[in-house]
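Working notes for the structure below.
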Amino acid sequence: MNYNANSIQTKDFRTACRDAPSMYLGDDGQNGIFNSWLEILNNACDEAIMGRAATITVTLSNDDNTISVEDTGAGIPHGSNGKVKEVLIEIFTKAHSSGKFDHENYHKVRGIYGIGASATCVCSSFFEVVTNREGYSWILQFKEGVPQTEEAVKSSPTSSTGTKITFTPNKTLFHLADSIPAFDAIRIRKELELTSYFIPNVSFIFNRGAESCSYFSKDGIKDFAAKQITNPIHDHWIYGYKQFEDEVEVEIIGQWTKSSQEKIFVFSNGAFNADGGSPVQGVKTAITRTFNTLANTDFDGDNVRKGFVCIVNIKHPNPIYQNQVKNKIQNPELVGYTSKVVSEALRQFASQYREEFSKIVEIIDRQEKAEVAASRAREAILNQTKSLALASSKKVLMPDKLKDCEKHGNDSILLIVEGDSACSGIMVARDIETEAIFAIRGKIINFLKNPLDKVLENQEVDGILKALGCGFGQNFNEKRLRYGKIAICVDADADGYNIFCLLSTLFYGLTPKLIESGRLYWLRAPLYKLSKSGKKSIYLYSDEELAQAQTRYSGYERTRFKGLGELQAEDMKATMCHKENRQLEKLVLSDIEQAYTQLEMLMGKFVDDRREFLFDNAEFGEDYDGN
């Protein structure tokens with residue numbers, strides 16, 4: 001290795017640009033070509049910002065490889081300035097050659113570095129500038145960034161002023177195949193439309209063959225807001241504007257929407273800053289702090305800004321950008337400036353539209369509570385999942401309320417029984433080899449009326465999930481289910497049916513696939529027993545069955561069971577624990593969505609639909625007064 005003074009080289013601007021277009025145009029692919037067009041458009045827009053151009057026309061060739069940008073501004077100066085023979089050559093081939101370094105002719109404009117247009121020129125296979133000034137058109141052409149004449153060539157007389165630049169990017173420099181078009185017409189149209197909102201009262205025209213369209217905005221940022229902000233939750237915009245002592249202007253407009261995302265658009269001197277910059281921090285700080293102050297709340301900032309869309313329009317005499325393509329504005333003073341404008345605008349909105357502001361507060365309050373509940377639910381799911389994993393690995397004992405069977409699998413059944421007395425009877429009657437028992441006490445927690453974290457923390461729910469061993473929700477795994485069937489055993493009365501509904505709702509909420517696969521059953525308890533000495537007892541399950549049996553079994557003594565607790569072990573052995581005689585009815589869901597709707601109506605929080613259902617379907621006694 002021979003590294004010495006002779007190793008040091010200096011590249012001229014043209015060579016440096018062509019070797020690394022991304023350094024100057026943000027990308028060495030098709031995005032770089034688009035950015036090169038933006039650099040030329042920026043210069044035309046600066047003429048419009050200064051009030052010298054009312055029309056900007058962009059024309060794309062039919063093959064999408066050559067584009068021109070024409071404005072009706074003052075036209076670029078040409079000729080000698082005493083230092084160089086032709087200033088147009090300096091402007092389009094040298095870095096930092098520009099007429100915008102002082103504020104006499106250009107103020108609060110896009111082009112500030114004197115690099116973009118020259119980078120575009122030297123990275124183009126063909127580049128032509130036509131400047132209309134002093135009664136003539138002056139033309140200068142470049143090939144591969146090299147001027148074809150020493151001076152601009154005087155062309156035809158004209159009474160108009162302005163500049164037209166036409167160029168064809170060198171695809172090789174941008175690693176683009178000849179078969180791929182250099183420009184995307186749709187993307188260019190979108191950019192022109194976007195620009196029209198932030199340089200209002202200027203016509204932006206796009207031509208491509210027979211295709212022609214134009215964009216024009218009268219009210220600027222307000223027109224953009226009307227197009228961009230959809231599904232608002234309140235009617236009026238939050239709007240503010242202020243010009244500060246250093247001539248910086250800040251304009252904002254915002255609205256809360258039904259979206260779950262916040263969006264902050266930043267524009268500076270008419271250009272879109274895709275990555276925002278320092279104004280974004282100002283918006284976020286002001287919205288959170290001012291909103292909580294006005295609402296006398298302490299909401300989380302993310303919840304306050306959820307769904308909030310804000311557009312920030314900056315006009316700055318000395319903008320500081322992150323890079324040449326100006327995707328982020330970084331002036332530190334814009335944090336405070338933007339924050340002040342947003343804060344004042346929000347205060348004015350809250351004062352002028354009190355009902356709308358109260359509505360926003362109410363919505364955010366609900367979101368905050370929902371987020372807290374969701375966080376608790378996530379934690380409960382995690383804890384329960386860990387707990388079930390421990391149980392399945394036998395690192396913890398099964399719950400005390402589970403009286404397990406000796407064999408698991410498809411031939412086994414878990415009987416969920418309400419009440420200790422019922423449990424004691426069925427314990428004696430069951431087949432201990434294949435029938436397990438889980439005892440619950442009274443009405444189990446309502447899945448639809450309680451947050452998920454509270455449901456999962458319930459001791460009986462925890463026990464049932466451990467007994468099943470198959471997990472729940474997204475972690476449900478039917479292969480790990482310890483029993484072939486799950487049967488609910490309850491009293492044949494209103495309370496029993498309510499417990500059955502609560503358990504069915506719990507399974508539907510936590511393990512719906514268990515129901516879909518036909519694993520959940522109702523093990524019916526007999527309601528009547530007909531007995532006679534020397535005869536086999538007859539068990540009946542409804543008043544209708546009793547009415548049909550009374551004539552056939554005359555002389556039999558009738559016993560009515562008020563609940564499972566009144567059944568003797570021999571009665572359970574002959575009915576509920578008899579594999580052939582028991583009334584085991586599968587819970588079948590033919591329509592999942594309809595089932596959920598019905599469960600919500602019958603078991604959920606809202607009573608109006610349930611009340612209407614009861615009035616339409618229940619049979620009330622004569623003394624019912626409607627209360």
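The values are calculated or read from the model by the stated rules, or taken from the named source; none is laboratory data. As the structure is a computational prediction, the values presented were derived from the model and not from experiment. A quick note on method: Cβ atoms are made from the backbone with ideal geometry, for glycine too, and the neighbour counts reach across all protein chains shown.
Some points to look at:
- Residues of the stretch 415-434 that are of a type in the set (Asp, Glu) and crowded, with 24+ Cβ neighbours inside 10 Å: Glu418 alone.
- Here Phe438 fulfils each of the conditions (1) modelled with pLDDT under 90; (2) of a type outside the set (S, T, N, Q); (3) within 16 Å of Cys577 (Cβ to Cβ) apart from (1).
- Breaking point among (1) exposed (fewer than 14 other Cβ atoms within 10 Å of the Cβ); (2) of a type outside the set (Lys, Arg); (3) within 27 Å of Ile238 (Cβ to Cβ), for Glu379: (3)
- Residues of the stretch 43-59 satisfying the condition of being farther than 13 Å from Lys164 by Cα and touching a residue at least 12 places away in the same chain (Cβ under 8 Å): Asp46, Ala48, Ile49, Met50, Arg52, Ala54
- Any hit, the stretch 182-190, residues being in contact with a strand residue (DSSP E or B) (Cβ under 9 Å, 6 or more places away or on another chain) and over 20 Å from Cys121 (Cα atoms): yes
- Within the stretch 321-372, being over 18 Å from His234 (Cα atoms) and among the aliphatic types (A, V, I, L, M) holds for Val325, Ile329, Leu334, Val335, Val341, Ala370, Val372.
- Screening Phe198, Phe204, Phe101, Phe127 for residues that are within 46 Å of the chain's Cα centre (by Cα), within 20 Å of Asn31 (Cα to Cα) and assigned by TED's automatic domain parsing to the domain that holds Gly29 leaves exactly one candidate, Phe127.
- For the stretch 50-69, residues that are closer than 19 Å to Arg133 by Cα and surrounded by fewer than 22 Cβ atoms within 10 Å (Cβ to Cβ) total 7.
- Filter result for Leu530 (touching a residue at least 24 places away in the same chain (Cβ under 8 Å), aliphatic (A, V, I, L, M) and more than 30 Å from Asn410 (Cα to Cα)): yes
- Count of residues meeting criterion [touching a Ser or Thr at 6+ places or on another chain (Cβ under 9 Å) and of a type outside the set (Val, Ile, Thr)] in the stretch 194-219: 15
- Filter result for Lys513 (assigned to a helix (DSSP H, G or I), of a type in the set (D, E, K, R) and out of contact with any His (no Cβ under 7 Å at 6 or more places or on another chain)): yes
- In the stretch 464-499, the residues that are buried (at least 20 other Cβ atoms within 10 Å of the Cβ) and assigned to a helix (DSSP H, G or I): Ile464, Leu465, Lys466, Ala467, Leu468, Ile499
- Of the strands (runs of 3 or more DSSP E) lying entirely inside the stretch 72-163, those carrying at least 1 residues that are within 21 Å of Met50 (Cα to Cα) are 124-133.
- Within the option set Glu516, Glu557, being among the acidic types (Asp, Glu), more than 24 Å from Cys423 (Cα to Cα), at pLDDT below 90 and in contact with a Leu (Cβ under 8 Å, 6 or more places away or on another chain) holds for one residue only, Glu516.
Each row is one residue, and each column tells you yes or no for (1) over 29 Å from Ala569 (Cα atoms); (2) out of contact with any Leu (no Cβ under 6 Å at 6 or more places or on another chain).
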position	(1), (2)
Ile432	no, yes
Leu456	yes, yes
Val461	no, yes
Asn475	yes, yes
Ile488	no, no
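- Long-range neighbours under 7 Å by Cβ, at least six apart or interchain, first residue within 15 Å of Lys513 (Cβ to Cβ) and basic (Lys, Arg) within the stretch 474-492, second surrounded by fewer than 20 Cβ atoms within 10 Å (Cβ to Cβ) and modelled with pLDDT under 90: Arg480/Ser392; Arg480/Gly469
- Candidates Asp411, Asp431, Asp400, Asp404, filtered to the one that is over 21 Å from Asp491 (Cβ atoms) and under 45 Å from the mean Cα position of the chain (by Cα): Asp400
- Among strands (runs of 3 or more DSSP E) entirely within the stretch 242-361, having at least 1 residues that are closer than 25 Å to Ser36 by Cα and in the same structural domain as Ile188 (by TED's automatic domain parsing) singles out no element at all.
- Verdict on Asn327 being surrounded by fewer than 20 Cβ atoms within 10 Å (Cβ to Cβ) and not charged (D, E, K, R): yes
- The set of residues in the stretch 149-174 being more than 20 Å from Glu70 (Cα to Cα) and either of a type in the set (Val, Ile, Thr) or surrounded by fewer than 13 Cβ atoms within 10 Å (Cβ to Cβ) (or both) consists of Thr149, Glu150, Thr172.
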